[in-house]
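Working notes, structure below.
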Amino acid sequence: MEVWLRTWAILWKDILIEVRTKGTFNAMAFFAALILFIFSFAIGPDFDLLRRIAAGLLWVGITFTGLLALARTYHSEELAGGLEALLLYPGEPRAIFLGKLVGNLAVLLLVEVILYPVAAVLFHMDLTGKILPVAGIAFLGTLGFSVIGTFYAALTLHLRAREVMLPLLVLPLLVPVLLGAVSATAALVDPAAAGGVAGWVRLLIAFDVLYFVVCTWTFPVLLER
Amino acid sequence: MAYLWAGYVLTWVAMAWFAWRLESRARDAARRLKKSPRGEAETPDARSENESVRA
Amino acid sequence: MTELTASPRLKGWHRLLAFLAVATTVVGSIIGLFVVPPDAMQGNVQRLMYLHVPAAWLAFLAFFIVFVMAVLYLIQRDPRWDMIAAGSAEIGVLFTALTLILGSLWGKPIWGVWWTWDPRLTTTAILLVIYVGYLAVRSFAADPERRARWSAVVGIVGFADVPIVYLSVTWWRSLHQPPSSPMSMAPSMLWTLMLNVVAFTLLFGYLLVRKYQVAVAERALEDREAMR
């Protein structure tokens, strides 16, 4: 119970900072939409080709935007030793991880709410009647992404060259998430795509559960002094 | 055949290069250890102090 | 704090291991190159298998050792476990890179391409990137205690990813092509392969012992220099 209160406190603090400082969310959402727009130019106006690779392009966009968001995860704590101060409070340090995780997850899901319609328009994706399953897959993929990302953002916090290190460490680990999310979304959206959805959903759930447990469990090790 | 020989030669060279680099590092470390005699750094007190300074 | 000077028990080991490793590697290479008959279907290029398979086996062994040492380090906080993990990771990256290059050299004449998105190939490539990341974390963290702690976490989380990556890549590819089945082998080929596996394992043992000794010596030097 106490852990959830702390998690909520961390999350609420970040929401307040984001709202009061008129934070970076708008810029990030705009950046995400811009990536999809650029893809259309890079690939050309081929109708069928765009539709076939739409899920992949969409998730590359989400990945790039996500990396931007992850790099800022502990931004508000970095100034004036905020993280050290947070750690001085007695109690469970895992609450910091959970709070930041929910924060990243929420930001990315909000970006996706904008990104999916943009992709549907630009890449001729037909979402009618499939919104719920597509959203479910997006949630599972984003959860895995956020768990790994929030964890590694803490690890690279005091590393030299961390702007490079975060994607370098995170991207290889995320291969199963990207494969699962892209394949399942493509199977739902593109009638020509082969393959089932159920196996990928199980894989995403397994990934999310495994890494949620591993990362929550080992998070205090990262913050030891 | 060219592919076959390229593979074998590359493997030998890679192993030899890795081992040679390791051995030269080992020699270097051993030489420097000998040059600087065991002194106060080996005592537990100095060592823990040293650790705390670095942390 | 554990005593970090090189323990005398280990002193002579690496010479014996080095000798055995070189001897078995030379014999294994000669048998693989000249003695064993060439494969009926693939011809002489198939002889690359006698290096490719042992290298792949050692890559996985090395990363498994990294994982075990990382867990041990996080439990006991003994810097020696960290040194073994670091050495094993570096040797593992070497063997993984060799595995990929040898596989490419084999694939070019047999398949006609340097690279295919075969599940095992793809997984090995991802493995390489994960452990290059591990080594990068080590080189970018200055403080030894933090370096050990962070890289242990990377070693554990990265190793947990390997089976999931393999599963996902297999599913991904199975939509397009059936996975290649392992061919049955003639006994002489199997023995040659086994000999080379032994040779590579001895080599791995020698490199790991030596890496550990160097790490211990350099750590002692570091501590001494910090005192000045």
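The values are calculated or read from the model by the stated rules, or taken from the named source; none is laboratory data. In this text the structure is predicted, and so the values were computed from the model without any measurement. Counting neighbours? That spans all protein chains shown, and the Cβs are built from the backbone with ideal geometry, glycine included. Heads up: the accessible areas ignore ligands, DNA and RNA and are worked out on the full protein's heavy atoms, side chains in. Shrake-Rupley method; radii C 1.70, N 1.55, O 1.52, S 1.80 Å.
Using square roots of five times the C-alpha gyration tensor eigenvalues, list the equivalent-ellipsoid semi-axes of the protein assembly as shown in whole Å, biggest first.
Working: eigenvalues 354, 260, 53 Å².
Listed largest to smallest, the semi-axes of the protein assembly as shown are 42, 36, 16 Å.
Between C:61, C:208, C:167, find the one with the highest GNM mean-square fluctuation for chain C; connect C-alpha pairs within less than 10 Å.
Judging by the Gaussian network model, the answer is C:167.
Per the helix-only calculation at 222 nm, which mean residue ellipticity applies to chain A, given -39500 (n - 2.57) for every DSSP H run of n ≥ 4 and division by its residues, nearest 500 deg cm²/dmol?
Numbers: 10 runs with 181 residues, N = 225.
Estimated from H runs of four or more residues: -27500 deg cm²/dmol.
Could you compute how much accessible area chains C and B hide from each other, both sides summed, with a 1.4 Å probe? Nearest 100 Å² is fine. Walk me through the numbers before you get to the answer.
On the way: alone 13220 and 5660 Å², together 15110 Å².
Summing both sides, the interface buries roughly 3800 Å².
Quote the relative contact order of chain C in percent (integer), defining contacts as alpha-carbon pairs under 8 Å separated by 6+ residues.
Details: 227 pairs, mean separation 83.9, N = 228.
About 37 percent, as a whole number.
Please list the radius of gyration and Dmax for the stretch C:15-147, considering alpha-carbon atoms only, with Å as the unit.
Calculated on Cα positions, Rg and Dmax stand at 17.9, 56 Å.
Count the lysine pairs in the protein assembly as shown whose Cα atoms lie under 23 Å apart, taking only pairs 8 or more positions apart in sequence or on different chains. Numbers along the way, then the final one.
Working: A:13/A:22; A:13/A:100; A:22/A:100; B:34/C:11; B:34/C:211; B:35/C:11; B:35/C:211; C:11/C:211.
The number of close lysine pairs in the protein assembly as shown is 8.
Determine the order of C:159, C:34, A:31 by accessible area, beginning with the largest, at a probe radius of 1.4 Å. Intermediate values should be presented prior to the final figure.
On the way: C:159 50, C:34 130, A:31 75 Å².
Per-residue accessible area, sorted high to low, gives C:34, A:31, C:159.
Only helical DSSP H runs with n ≥ 4 go in: add -39500 (n - 2.57) per run for chain C, normalise by residue count and round the 222 nm mean residue ellipticity to 500 deg cm²/dmol.
Numbers: 6 runs with 173 residues, N = 228.
Taking each H run of at least 4 residues, the total per residue is -27500 deg cm²/dmol.
How high is the relative contact order of chain A, in percent, counting Cα pairs under 8 Å that sit 6 or more residues apart? Intermediate results must be reported in sequence, preceding the final value.
Numbers: 222 pairs, mean separation 60.3, N = 225.
Averaging sequence separation for qualifying contacts and normalising by length gives 27 percent for chain A.
Considering the options C:172, B:22, C:107, tell which one lies farthest towards the positive end of the dipole of the protein assembly as shown, charges being +1 on Lys and Arg and -1 on Asp and Glu at the Cβ, about the Cα centre.
Toward the positive end, the furthest listed residue is B:22.
Mind putting a number on the dipole of chain A about its Cα centre? Charges go on the C-beta only, +1 for Lys and Arg and -1 for Asp and Glu, and I need it in Debye to the nearest 20. Please list the in-between numbers first.
Values: 14 positive and 15 negative charges, 26 e Å.
Dipole magnitude for chain A comes out near 120 debye.
Using protein heavy atoms only (no ligands, DNA or RNA), what is the total accessible area buried between A and C, 1.4 Å probe, nearest 100 Å²?
On the way: alone 11870 and 13220 Å², together 22370 Å².
Interface area, both chains combined: 2700 Å², rounded to the nearest 100.
Quick one: compute the contact order of the stretch A:70-166, relative version, from alpha carbon pairs under 8 angstrom and 6+ residues apart, as a percent. Don't skip to the end; give the middle numbers.
Details: 41 pairs, mean separation 43.7, N = 97.
Averaging sequence separation for qualifying contacts and normalising by length gives 45 percent for the stretch A:70-166.
Residues of the stretch A:163-185 that become at least 20 Å² less accessible with every protein chain present than in their own chain isolated, using 1.4 Å: which are they?
A:165, A:168, A:169, A:172, A:173, A:175, A:176, A:179
Relative to the longest principal axis of the C-alpha atoms of chain A, give the angle of the C-alpha long axis of helix A:131-155, reported between 0 and 90° and rounded to the nearest 10°.
The two axes meet at around 40 degrees.
Dipole of the stretch C:3-227, Cα-centred, from +1 at each Lys and Arg C-beta and -1 at each Asp and Glu C-beta, to the nearest 20 debye?
Roughly 220 debye, rounded to the nearest 20.
Which one of A:66, A:103, A:81 has the biggest mean-square fluctuation once chain A is modelled by GNM with Cα springs under 10 Å?
A:81
What accessible area per residue comes out for chain C, rounded to a whole number of Å², with a 1.4 Å probe? The partial results should precede the final answer.
On the way: 10070 Å² over 228 residues.
Ligands and nucleic acids excluded, the result is 44 Å² per residue.
Dipole size in debye (nearest 20) for the protein assembly as shown around its Cα centre, Lys and Arg Cβ +1, Asp and Glu Cβ -1?
Once rounded to the nearest 20, the dipole reads 1160 debye.
Work from the charge dipole of the stretch C:3-227 (Cβ charges, +1 for Lys and Arg, -1 for Asp and Glu, about the Cα centre) and give the residue of C:136, C:151, C:26 farthest towards its positive end.
It is C:26.
Across the stretch C:160-169, in residue order, what do the Karplus-derived ³J(HN,Hα) couplings come to in whole Hz, using 6.51 cos²θ - 1.76 cosθ + 1.60 with θ = phi - 60° and x for Gly and Pro?
These are the phi-based 3J(HN,Hα) values: 4, 7, 4, x, 5, 4, 4, 4, 5, 5 Hz.
Take the Cα pairs of the stretch C:120-178, get the Kirkwood Rh, then feed it into Stokes-Einstein at 4 °C and 1.567 mPa s and tell me D in µm²/s. Write down the numbers at each step before the final one.
Working: Rh = 12.7 Å.
After rounding, the answer is 102 µm²/s.
Per q in 0.12, 0.14, 0.17 1/Å, what log10 I(q)/I(0) does a Debye calculation on the alpha-carbon atoms of chain A return?
Taken in order of the listed q values, log10 I(q)/I(0) reads -0.67, -0.89, -1.23.
For a quick size check, give me the Cα extents of the stretch C:3-227 along its three principal axes, largest first, whole Å.
Taking max minus min along each principal axis of the Cα atoms, the stretch C:3-227 gives 64, 42, 24 Å.
Tilt of helix A:2-20 relative to the longest C-alpha principal axis of chain A, in degrees (0 to 90, nearest 10)?
70 degrees
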